[in-house]
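This report concerns only the one structure given below.
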Amino acid sequence: MSLGDGRGTPAFEAIGLARSYRLDGGVMVDALRGVDLRIEQGEFVAIVGPSGSGKSTLMHLLGCLDRPTSGTLRVNGVDVATLDDSGLADLRNRTIGFVFQSFHLLARTSALDNVALPLVYRGVPRAERRERARRALEAVGLGHRLTHRPSQMSGGEQQRVAVARALVGDPRVLLADEPTGNLDTRNGEEVMGLLERLNKGGVAVVLVTHDAEVAARARRRIHVRDGRIERDA
Amino acid sequence: MKTAEALRMAVEALRVNRLRSMLTMLGVIIGVLSVVILVAIGTGAKNAVEKEIAGLGSNIILVVPGQVGLGAAPTQSRLDLSDVAYVRRVVGDPTKVTVAVNSGEPVRVGRVEVFATLTGTDENMPHVFDRPLRRGRYLAETDVDTRRRVVILGSEVAAKLFGDVDPIGRQVTIAGVRFRVIGVYETVGATFGVARDQEVHLPVTTAQRLIGLPRINGIAVGASGPDEIEPLRRKVVDALAERYPGEAFSAVTQTQLLGTIGTVLGMLTGVLAAIAGISLLVGGVGVSNIMLVSVRERTREIGLRKALGARGRDILGQFLIEAVLLTTVGGVIGILAGIGGALLIQAVSPVPASITWWSIVLAFGVSAAVGVFFGVAPARRAARLDPVVALRTD
């Protein structure tokens, strides 16, 4: 996997990527119909499109949460088809950071332990885990909220905890699914600022949104419609 | 993920749902508790009976006419004192052979009357049976030879007839005949419902005259060691069969009694343990049920953990450890409660209880196994969840 660390290797490379689902009634739905895509290291990309366009499916495929029906996907140069489930889990753990629209924090767990969670699955010792989680929380401006639980924090703070969790493992890319969707303008602005700062630090950021204002801040916008890339600018 | 980490996570998850975890454990606690208590009672009963049998004395062979067993017709005894002399010759050591003639008679002192079991025996009785004296002396050879009218009282008979007064040297009346008390036995309790403290011993010759029959009811032979019992039993039975062709004699040993009763009580204990085991199983089903609910409830959490890099086996381990933790903690509490319960039962009721290490090991092992067995299905379901679907669940 060391070849994936080279700067010349794209973060994501998709060739003819397709994903179809069989609904309960047996009807096949083609959510993604052959996507060719190349996202370089350190890029800031917005995937935009109306709901049902397939942008979430694309996001799940890029995040290795799902496997394509056909086509090839390389993450950091590694063909995901060659990986088994635990190989995929390892790839998600080390290479990709996730930020979700609904934060997805563990409700009765402190901010510190929420952020440290990815390191648990990497086998990092507890003391080091907590230290790294503390630094990540400080980096998103929540150094004073270490022991707070999600219910004791505002939505903006919760999303910043989620960002801290995404970056604690030093990922190559950060995938954000409508990261500002549940936030007011001010908090949304703050989270976007964080993502931009991370991107300047060298992490590729791919965000899925249907908010034109949010998309406008990305250097590259990929428009998805009906399971295909409509426009890439 | 390290096991210690998984364990910490499981403890945390169970603590979060404290009430639910306790209620789920309760099923296992009750199951384990009943296993420990019921096995303790079964074993206690077995020990008590074995102690009673052993309390007779050691290595005793009881020779009686006829067949011994349920449904066997009662046999009119044809044995008499000459047979005792014959058995003494066969055995070789005359002191190791004694005799019994039994009858029930009222024993009277003044106006106090007590119904007692009269047992005619001889001077060798204390060499065969374990029957310590509280006061006075045993029967002597001359008592038997001269048909002396002397008695040794069981402790209960002595207490009823004489109260606090020392009975030695005093008179009792049996069937109109006066006897002098020469001894009082220690309290020994009952054996097979025979209240041995209600016995009155007198010389076998005197007893035969009192009853008016020259017969004896049985011969008891004491073997010198446990290994001697079986050869000696066969020797005595063969010798009697030779003397009385065509008649049956039975020789019952304590080992046989212990064996039969031990088997019956062992089976009883087994049945009790099985019934208790069923409740443990029901507790296990409860664990399975709660774990399934927990998996469904935490679908989003599982999806998130997978997105963050948890492998299927990490999730499997997490839920399996939770289930096993529930049952083993429940098991330990159940064992402690079971030990406490058994001790309490023993303290406040006549039911004997004896806690056995194997029931504790078994109860703990079974509850841990129940955790694994009933935890696997929910844990596998959790491990197989598709992260995309799991994350989308609300």
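The values are calculated or read from the model by the stated rules, or taken from the named source; none is laboratory data. Values in this document were obtained by computation on a predicted structure and should not be read as measured data. Cβ: placed from backbone, ideal geometry, glycine included. Neighbour counts: every protein chain shown. Calculation scope for accessible area: heavy atoms of the full protein, side chains included, ligands and nucleic acids excluded. Shrake-Rupley method; radii C 1.70, N 1.55, O 1.52, S 1.80 Å.
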Please work out which one of (1) β-branched (Val, Ile, Thr); (2) loosely packed, with under 15 Cβ neighbours inside 10 Å; (3) within 14 Å of chain B (Cβ to nearest Cβ) is the condition A:Val115 fails and give its number.
(2)
Is region B:312-320 home to any residue that is within 16 Å of B:Ala377 (Cα to Cα) and away from every other protein chain (no Cβ under 14 Å)?
yes
Could you please tell me which pairs satisfy a Cβ distance under 8 Å, a separation of 6+ or placement on different chains, a first residue in region B:30-50 that is assigned to a helix (DSSP H, G or I), and a second residue that is among the charged types (D, E, K, R) and crowded, with 24+ Cβ neighbours inside 10 Å?
none
From the list B:Ile229, B:Ile216, B:Ile290, which residue is over 30 Å from B:Val101 (Cα atoms), of a type outside the set (Asp, Glu) and either crowded, with 22+ Cβ neighbours inside 10 Å or not assigned by TED's automatic domain parsing to the domain that holds B:Val36 (or both)?
B:Ile290
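Quick check: anything in region B:276-293 within 28 Å of A:Leu119 (Cβ to Cβ), away from chain A (no Cβ under 14 Å) and assigned to a helix (DSSP H, G or I)?
Yes.
Out of region B:105-125, which residues are open to solvent by 40 Å² or more (accessible area, probe 1.4 Å) and not β-branched (Val, Ile, Thr)?
Taking region B:105-125 and keeping what is open to solvent by 40 Å² or more (accessible area, probe 1.4 Å), we get B:105-106, B:108, B:110-113, B:115, B:117, B:123.
If the condition is that a residue be open to solvent by 40 Å² or more (accessible area, probe 1.4 Å) and not β-branched (Val, Ile, Thr), then B:Glu105, B:Pro106, B:Arg108, B:Gly110, B:Arg111, B:Glu113, B:Phe115, B:Glu123 are the ones that fit.
For region A:70-109, which positions are part of a strand (DSSP E or B), touching a residue at least 40 places away in the same chain (Cβ under 8 Å) and farther than 28 Å from B:Leu14 by Cα?
Answer for region A:70-109, where residues must be part of a strand (DSSP E or B), touching a residue at least 40 places away in the same chain (Cβ under 8 Å) and farther than 28 Å from B:Leu14 by Cα: A:Ser70, A:Gly71, A:Thr72, A:Leu73, A:Arg74, A:Val75, A:Val78, A:Ile96, A:Gly97.
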Scan B:Val188, B:Val184, B:Val128 and give me the residue that is β-branched (Val, Ile, Thr), within 35 Å of the chain's Cα centre (by Cα), surrounded by 14 or more Cβ atoms within 10 Å (Cβ to Cβ) and under 26 Å from B:Leu232 (Cα atoms).
B:Val128
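From B:Val107, B:Val172, which residue is over 37 Å from the mean Cα position of the chain (by Cα) and not in a loop (DSSP other than H, G, I, E, B)? Reasoning before the result, please.
On the way: B:Val107 fails: over 37 Å from the mean Cα position of the chain (by Cα).
Of the residues listed, the single one that is over 37 Å from the mean Cα position of the chain (by Cα) and not in a loop (DSSP other than H, G, I, E, B) is B:Val172.
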Sort through A:Arg165, A:Arg134 and tell me the only one that's modelled with pLDDT of 95 or more, open to solvent by less than 30 Å² (accessible area, probe 1.4 Å) and not hydrophobic (A, V, I, L, M, F, W, C).
A:Arg165
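With the condition kept exactly as written, say whether any residue in region B:201-217 is on the phi > 0 side of the Ramachandran plot and modelled with pLDDT of 85 or more.
Yes, region B:201-217 has at least one match.
If we keep just the residues of region A:140-162 that are among the β-branched types (Val, Ile, Thr) and open to solvent by less than 40 Å² (accessible area, probe 1.4 Å), which is nearest to A:Pro118 (Cα to Cα)?
Filtering first and then ranking leaves A:Val161.
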Scan region B:375-394 residue by residue and report those that are of a type outside the set (Lys, Arg), open to solvent by 30 Å² or more (accessible area, probe 1.4 Å) and away from every other protein chain (no Cβ under 14 Å).
B:Val376, B:Ala377
Log entry, pairs with first residue in region B:268-287 being within 16 Å of B:Ala377 (Cα to Cα), second being assigned to a helix (DSSP H, G or I) and among the small types (Gly, Ala, Ser), beta carbons closer than 6 Å, six or more apart or on different chains, reads B:Gly283/B:Gly27; B:Gly283/B:Gly31; B:Gly286/B:Gly27; B:Val287/B:Ala323
Which listed residue is under 23 Å from B:Val101 (Cα atoms) and out of contact with any Lys or Arg (no Cβ under 7 Å at 6 or more places or on another chain), from B:Gln171, B:Gln254
B:Gln254
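Yes/no per residue for (1) modelled with pLDDT of 95 or more; (2) within 13 Å of chain B (Cβ to nearest Cβ); (3) over 21 Å from B:Ala390 (Cβ atoms):
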| residue | (1), (2), (3) |
| --- | --- |
| A:His60 | no, yes, no |
| A:Asn76 | no, no, yes |
| A:Phe100 | no, yes, no |
| A:His104 | no, yes, no |
| A:Thr109 | no, yes, no |
| A:Gly123 | no, yes, yes |
| A:Ala139 | no, no, yes |
| A:Gly143 | no, no, yes |
| A:Gly169 | no, yes, no |
